[in-house]
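Reviewing the structure listed below.
The values are calculated or read from the model by the stated rules, or taken from the named source; none is laboratory data. Only a predicted model underlies this, so the values are computations on that prediction, with no experimental measurement involved. Quick reminder, even Gly has a Cβ in these numbers, built from the backbone with ideal geometry, and neighbours come from all protein chains shown. For accessibility, only protein heavy atoms count, side chains too; no ligands or nucleic acids. Shrake-Rupley method; radii C 1.70, N 1.55, O 1.52, S 1.80 Å.
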Amino acid sequence: MDVTGTHVWYYFICKREVWLLIHNIAADQDDENLDLGRFINEHTYERNKKEVLIGNIKVDRVRKERGQLIIGEVKKSSRYLESARYQLLYYLQTLRKMGINASGELLFPEEKKTEAVYLDEESDQRLKEAVEDIRQIARQQIPPDPKKIKFCRRCAYREYCWAEG
């Protein structure tokens with residue numbers, strides 16, 4: 001199974017969400033948070049918009065500065081900082097496997113914030129473990145049990161976990 005940056009993103013938020021995504025169970029497409037994310041992606045940094053598809057990764061921004069390739073990932077908020085970092089680190093790891101050394105930056109336009117991201121040995125190892133765990137989650141017949149976390153309130157999958165039957 002090809003793991004994507006989106007799988008990595010969800011993995012660091014909620015493993016149940018990873019299973020739902022992998023098994024093509026669509027999130028609520030009318031969820032206002034999804035709409036806001038799409039809007040921000042389409043209407044920010046338009047001058048430097050250079051979305052690039054490389055294998056199974058889609059990088060929001062690519063630029064070169066002083067001979068260094070820098071890939072950027074745009075997020076609506078730093079609320080999901082850990083998952084955003086690991087998604088970008090996954091892209092850096094994928095590029096490294098292709099022989100391309102790059103650094104990364106997370107862009108939070110609503111907060112007017114940017115964070116530099118670099119792949120080191122510790123994050124590389126944690127990513128390898130996460131990718132293997134994502135593959136194990138994908139092989140499960142049923143999703144992991146729901147766990148109430150701080151992100152559930154705004155999750156587009158919340159009805160799959162918390163709807164009353």
As a test of reading the structure, rank Glu65, Glu110 by solvent-accessible area (1.4 Å probe, protein chains only), most first. Glu110, Glu65
With all protein chains modelled, accessible area of Met98 [1.4 Å, Å²]: 100 Å²
What figure, in Å² to the nearest 10, do you get for the accessible area of Asp124 with a 1.4 Å probe and non-protein molecules left out? 30 Å²
Which FRET efficiency value, to the nearest 0.05, is calculated for Asn101 and Arg153 with the Förster distance at 41 angstrom and r the Cβ-Cβ distance? 0.55
Largest to smallest accessible area among Lys112, Lys15 [probe 1.4 Å]: Lys112, Lys15
